[in-house]
Amino acid sequence: MAISRRTFVAQGTIAGAGLVIGVRLSPVKAFAQENEKGPKKPVVNPFDAYIHVKPDGKISLIVAKSEMGQGIKTGLAMVLAEEAEVDFNSVSVEQAETRPDIYAHMGTGGSGSTMENFMPLRRAGATVRELMITAASQRWNVPTNECKAKNGAVVHEKTSRRASYGELVQAAMKLPLPDPEKVELKNEADFQLIGHTTPRVDIPSKVNGGAVFGLDVRVPEMLFAVVARCPTFGGKHAHFDATKAKAVPGVKQVFEIPALGRDMFTAGGVAVVADSTWAAMQGREALQITWDNGAAAAESTNTLHAALHAGAGKAGKRVRNDGDVDAVLSNGAKRVEATYEFPFLAHATMEPMNITVHARSGEAEVWAPTQSPDWVQRTVAKILDLKPEKVVVHTTLMGGGFGRRYMADYPAEGAQIAKVVGKPVQLVWSREDDMTHDFYRPAACHQMKGAVDQSGHPVAWSHTIASTSIGAFWDPPDHQAPEKSEVGGAEQMPYAIPNVRLEYNPVASAVPPLWWRSVEHSFNGFAVECFIDELAAAAGQDPVQFRKTLLVKPANWKAKNDEDPDPARLRAVMELAAEKSGWGTPLPRGKGRGIATYHSFGSYICEVAEVTVQGSNFKINRMVAAIDCGQIVNPESVRAQAESAIIYGLSAALKNEITVKSGAIEQTNFDGYDPIRISEAPPIEVHLLKSKEEPGGMGEPALPPAAPAVANAIFAACGKRVRKLPFQLA
């Protein structure tokens, strides 16, 4: 921490009696740092979590992170309880108020909830433990080293005295706070919670129906709304007649809401407000609207396909350039070329977008399933012309996020409607609304060229990416590099090849792009891991042995940055996955194994797929994953996240594709965008590698290797390369 100890305690900031400790979770570089040699700068937003030790001994961790199925209400409580030496059941994780003045960073994404919070929470828990031991030793007038914390109490074994944390809170509040960087942490060998399976605390309420998601919100006098949006991106209504819509029983109001630009990117349209969602939808069906489809009506999947191929086929902005690729490719070495194609993908969260907004005189209240409650607050405040602090945002549980719920479009629409209605109103997106007006995983085309020498060693690697850039959409290209969210994983291609080149070309499209689970790693993982397999085949080598020779960690190796993978850790998960999958053992004709290994979000994962191919059909018989995510907090959560990401990735690889016709999305529901069903899902084995490294993320990293492992297995089974997603063998 770069903030002083005197600002670490924030008494009275959180309501209720007891000891309150502020904790810095997100990177401190984002905030004003104290300069001991110069004038003091005010540390604005020094904390983004608070620990509240109550007089009854219970502990609340108040944290500005959203629970969207990743299990943080269990995992974060485990970390705190471990170091504080309290019963896990005495710790609760509470959703923070949307107070940017108190909580410095309120976004949830990038698989960062455990990764970012692990060490700060350990230190905070150790601080609680040390304070309680000090308070007890002073009460009993004994040395601190004779006192031990255990199960929410301090004991002095020589005299058999015992005091609970609740009894010690008042004394602990008066003590000087220890330096959180210097408190003694527990030996990992003594962990009783971290690394041990613990049932998730949110499961019972989700099973019995007690959990409150966004669509479950009900407040007095609430109305319901839907919006009719132009099917074409950038289009608008030229004329609408609401006569028939207003005649639908239950419909209260019908009015226009304008499209909003940067930071919100709403489509605009016609809002229908009624006393039930069904009545609002029926009213929308009765609307008579003439659409002005705009310039995007000329765009189609075919036109975009041509533009992407053209972009991948020409020189682009050079992102990485080691050695001399062109010289090696022209010197007679055995060349390999491949082009990989990726479609747009929808987030398709199980709970579609929704929000409840109540605009009152001079203030507003919001109930939102969101990954970014502070963005919701700013958005609603701007539309209602309020100060942000006058907007109270309650963050509910959410039925999936995957990046989609980081957006401000549905909060903006909700605020626009609430401003007119003057009562609480719940805006609901139907599945069709969500599928056709999402922000999509970019469409992309990757052209790969490589070469192996006579000894079978790869000597050149050329990778050109063309995609509908997230960066170019969100920030003008002259302000931010358009490749920023497109090249991760490709730039850090881990294999020891002497001549490597990576280039990027953005391709314009009216279809709005956004972060999708694992972001650019979802397509870069496929291109890198399929092409390294193609080079192995050209060299006549086993894919695992080929990778082993290239995952070499020099004695003086040092990571260039947080995204730079450690070759030794990649090799270790590959060796474990190969062992557990029976790699190298014979398979019957028509069956094959494929492997893919990848690093993203601080974690290392290798997956092996086993498939059976019969003609133009194939079946995935088995998926085996080996994971090094650093220190494991809750093994069952790691397995669940891995299984979820694999299924999500396989759905995209095998079945999912968003296509465009006349500037509009063709798929409208799960009949055209079908996830893998239970009967289609393969058995998944997850093997965890023990590690003392700091935790990595787990919400996304298991997705990138899934599709290339299957594609490589198909090649092993029948000799056919699959280079276009979703897969088709015919």
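The values are calculated or read from the model by the stated rules, or taken from the named source; none is laboratory data. The structure presented is a predicted model; accordingly, all values stated were derived computationally and were not measured. Every residue, glycine as well, gets a Cβ built from its backbone with ideal geometry; the counts of neighbours run over all protein chains shown. With ligands, DNA and RNA removed, areas are computed over all heavy atoms of the protein, side chains included. Shrake-Rupley method; radii C 1.70, N 1.55, O 1.52, S 1.80 Å.
Tabulated values for the structure
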quantity: Estimated FRET transfer efficiency when R0 is 45 angstrom, pair Phe255-Phe727 (beta carbons, to 0.05); calculated: 0.45
quantity: Full-stretch length increase - Arg677, Arg318 - with 0.36 nm per residue and alpha-carbon distance subtracted; calculated: 125.1 nm
quantity: Spacing of the two label points (7 Å from each Cα toward its C-beta) at Arg218 and Glu694, in nm; calculated: 4.6 nm
quantity: Cα centroid of segment 291-309 to Cα centroid of segment 314-333, whole Å; calculated: 32 Å
quantity: Protection-proxy order for peptides 625-631, 612-618, 252-258, 518-524, each taking the mean of Cβ atoms within 10 Å per residue, highest first; calculated: 518-524, 625-631, 252-258, 612-618
quantity: Cα shape, segment 389-539, gyration tensor, a/c 1.5 rule; calculated: prolate
quantity: Beta bridges by DSSP in the chain, antiparallel share as percent, to the nearest 5; calculated: 75 percent
quantity: Gly489 long-range amide H proximity, modeled H, under 5 Å; calculated: none
quantity: Correct option for volume of the Cα convex hull per residue in Å³ [calculated from the coordinates] among (1) 145; (2) 188; (3) 176; calculated: (2)
quantity: Cα-Cα over 23 Å, subset of Lys73/Lys484; Lys314/Lys553; Lys58/Lys174; Lys484/Lys690; calculated: Lys73/Lys484; Lys314/Lys553; Lys484/Lys690
quantity: Simple spin-label estimate for Ser330 and Thr144 in nanometres, 7 Å along Cα-Cβ; calculated: 7.0 nm
quantity: Burial order of peptide ranges 205-215, 342-352, 159-169 (average beta-carbon count within 10 Å, highest first); calculated: 342-352, 159-169, 205-215
quantity: For the chain, calculated [θ]222 nm from helices alone, where every DSSP H run of n ≥ 4 adds -39500 (n - 2.57); calculated: -8500 deg cm²/dmol
quantity: Stretch gain in nm, segment Glu157-Arg589, where the contour uses 0.36 nm per residue and the Cα spacing is subtracted; calculated: 148.7 nm
quantity: Sequence-distant residues sharing a close amide H with His394 (under 5 Å, placed H); calculated: Val366, Trp367, Ala368
quantity: Label point distance in nm, Ala310-Glu188, each placed 7 Å from Cα along Cα→Cβ; calculated: 5.3 nm
quantity: Dipole of the chain [Lys/Arg +1, Asp/Glu -1 at C-beta], most positive-end residue of Leu725, Leu654, Thr197; calculated: Thr197
quantity: Efficiency of FRET between Ile289 and Glu432 - r from beta-carbon atoms, R0 22 angstrom, step 0.05; calculated: 0.90
quantity: In sequence order, calculated HN-Hα J values of segment 115-122 (Karplus, 6.51, -1.76, 1.60; Hz; x Gly/Pro); calculated: 4, 7, 9, 4, 5, x, 6, 4
quantity: Estimated vicinal HN-Hα couplings, Hz - segment 308-325 in sequence order (Karplus 6.51, -1.76, 1.60; Gly, Pro = x); calculated: 5, 5, 5, x, 6, x, 10, 4, x, 5, 7, 9, 9, 8, 9, x, 9, 4
quantity: Amide H contacts of Asp292 (H built 1.01 Å from N, under 5 Å, at least 5 apart or other chain); calculated: Lys236, His237, Ala238
quantity: Cross-link reach list, aspartates and glutamates versus Lys387, counting only Cα pairs under 12 Å and skipping chain neighbours closer than eight places; calculated: Glu363
quantity: J(HN,Hα) series, segment 606-617, from Karplus relation 6.51 cos²θ - 1.76 cosθ + 1.60, nearest Hz, glycine and proline x; calculated: 10, 10, 10, 10, 10, 10, 10, 10, 10, x, 9, 10
quantity: Cross-link reach list, lysines versus Lys236, counting only Cα pairs under 24 Å and skipping chain neighbours closer than eight places; calculated: Lys244, Lys246, Lys252, Lys382, Lys419, Lys661
quantity: Theoretical FRET efficiency, 1/(1+(r/R0)^6), r = Cβ-Cβ of Lys206 and Ser455, R0 45 Å, to 0.05; calculated: 0.20
quantity: Carbon/sulfur fraction of accessible area - segment 496-545, other protein chains in place, 1.4 Å, %; calculated: 54 percent
